[in-house]
Every structure is written in C-alpha cells, then in structure tokens.
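Written out below as structure tokens is the structure these notes cover.
The values are calculated or read from the model by the stated rules, or taken from the named source; none is laboratory data. Because the structure is predicted, anything quoted here is derived from the model rather than measured. Neighbour counts are summed over all protein chains in view; Cβ atoms, including those assigned to glycine, are modelled from backbone coordinates with ideal geometry.
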C-alpha cells in the first residue's frame, strides 16, 4: 500500500490551491499532477471500481474548480478535496437510489481489476496476497459507506482522527467508532476466509492511526 504523501507535498498542494483560488489558472496542471494520484485512490475506495472512480475523480476536480473561491487559505487542500469527493459520491448514491436499474455488476468485475501484482513476491505469496486483498475489497464494498470512508481515511490515507473528522463533518469519537466497526467486520470476513488473526492484523493495523 503506498505511503501517505509527505508533508512537503501537502504544503505544495495547499500553496498551489491558494494560488488557484486567487485565479491563477496556470497552476492547475501542477495542482492536478500532485493531487490526482491520492484523490484517485480515495475515489477507488468510494466507487469500488475503476470506471466509476475515473468519473468520480473528474467530477471532483470539476467541483474543486467551481468551488476554488471558497477554499480557505492555509487549510489542507487534499483533505478539502477529499470532502468534495465524498459529497460527489453522496450525490451519486442518492441518484442510484432513485434509479436502481442503473446498478450493475461492475463491482464484481472491478475486484480483479483493482488487485495489483508485485513481482518481488513468489507466485505463492502473490496468490495469498491477492486472496486477502480480494476479501478486504469485497468486504469494504459491503460495509456501510460511513464506516468504509472512515476506515479508508485513517488506515489507507493516513489521516489523523481529527483530520478525518473534519473531512467527514463529525467528531473524533464517531470516527473512532466507525473505524472500529469496519475493522471488526474485516476481521470477521478474513477469519471466515481462513486467515489467522496475526495475518490480517498486519494487513491494516501495521498502519498507525494518528490522533
């Protein structure tokens, strides 16, 4: 799993976003280059599929452009974009509830599409890693959106509890509760899949939760 962006990158993003908010359109290319990889990974977890994640990323960046005048100078631009992305995702969920016929089997097809390979591992280790990743991906898709997003922000994106609470518009206590529920659901799924407790503990608890 890629590590969170360094503080220097976050600082660069915030500086670029501040300039973009002032109307300096020339910085958008650099802003997109630095922001898009992290934001796209977040979109993948929200959308649970590449095609939808592509659309979600592009719509998020469009809203970033439209809302740039509301960006508060000095705030974390990436976290601000995370909040916008989740808002876009919510709008899509509401639309789908009104149009259930639009839902398909994209999530099932996306699971294999989203599982990376690593040539550094032996074939056996790679198969095991893919199996665990498939279980985690499938279970993340099944859990509630609130629990999944809280888990992703803390365990995959490396946000602090306080920062995740700001992105989600809730309290630190609520974020901790949601992540705890997500971890318990994943533990149960991995245990049912035959994974030992120490195996799946390392799969996400090795990533520290910063407070």
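The table that follows gives values for the structure above.
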| quantity | calculated |
| --- | --- |
| Selection status of residue 184, within 29 Å of residue 72 (Cα to Cα), at pLDDT 85 or above and out of contact with any strand residue (DSSP E or B) (no Cβ under 9 Å at 6 or more places or on another chain) | no |
| Count of residues meeting criterion [under 12 Å from residue 89 (Cα atoms) and not in a helix (DSSP H, G or I)] in segment 28-52 | 1 |
| Qualifying residue in segment 73-82 (condition: farther than 16 Å from residue 163 by Cα, free of Cβ contacts under 8 Å to residues at least 60 places away in the same chain and not assigned by TED's automatic domain parsing to the domain that holds residue 168) | yes |
| Among (1) part of a helix (DSSP H, G or I); (2) modelled with pLDDT of 85 or more; (3) more than 23 Å from residue 163 (Cβ to Cβ), the one test that residue 95 misses | (2) |
| Single match in 25, 55 (criterion: under 24 Å from residue 92 (Cβ atoms) and without any contact (Cβ under 8 Å) to a residue 12 or more places away in the chain) | 55 |
